[in-house]
Amino acid sequence: MTMSRLVTIKDRQFKPYISKKKMELAVKSIASAMNRDLKKECPVFLVVLNGSFMFASDLLKEITIPCEISFIKVASYVGTSSTGNVTELIGLSEDLTDRTVVIVEDIVDSGLTMQRLLALLKTKKVKKIKIATALFKPKACKVKLKLDYVGIEIPNDFVVGYGLDYQGFGRNLKQLYVLAK
Ligand code: IMP
């Protein structure tokens, strides 16, 4: 059975953690909440690459309200622990003035990337900012953030798959895996 299979990524072994089905249910529930909450907002979804490409793809297929989708990049992470050294926002060409912006992230760990991203977006004269994240590590989070849409809360473990990588690998895995001790 898939659930008992370990995967090796570079020098580490990972074990199955969150199934595709469980993630799918969490994503669908976020999408229905957004379809309800943002009906009149015509939001711009800002997909934070690279990690959230799989989440964004699954989520946005379930969005039925008028919306725009854009992709941005920030860099903050090396190896298996967060550095929080966010550099800058790459790829934002849209005018976000008076728009409702929904940040689509893969995971909020220390929260430093999100905090920096929020600070950058707040200079763009947006109407409001909502945050959606597939995964949230509450115990790792060092800053106060209002996360509007959270897929699944997880302990402070390093996970891979469903868009998330370990040293650039493993993003293509359909489900989430966790570092096997
Ligand atoms: P934060 O700034 O600590 O919240 O981390 C933000 C970024 O670190 C995320 O967008 C991910 O790219 C990466 N990250 C955090 N935790 C993990 C993990 O468990 N696995 C893979 N990447 C992670």
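The values are calculated or read from the model by the stated rules, or taken from the named source; none is laboratory data. This is a predicted model, so every value here is computed, not measured. All Cβ positions, glycine included, derive from the backbone under ideal geometry; neighbour counts span all protein chains shown.
Structure values in brief
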read-out	value
Filter result (small (Gly, Ala, Ser), within 10 Å of the ligand (Cβ to nearest atom) and either over 14 Å from the mean Cα position of the chain (by Cα) or farther than 23 Å from residue 12 by Cα (or both)) within the stretch 135-181	140, 170
Residues located in the stretch 89-119, provided they are away from the ligand (no atom under 13 Å from the Cβ), touching a strand residue (DSSP E or B) at 6+ places or on another chain (Cβ under 9 Å) and modelled with pLDDT under 95	89, 90, 91, 92, 93, 94
Every pair of residues 6+ apart whose Cβ atoms lie under 7 Å, when the first sits in the stretch 164-181 and is farther than 16 Å from residue 57 by Cβ while the second is of a type in the set (D, E, K, R) and outside any loop (DSSP other than H, G, I, E, B)	166/12; 177/15; 178/15; 179/12; 180/15
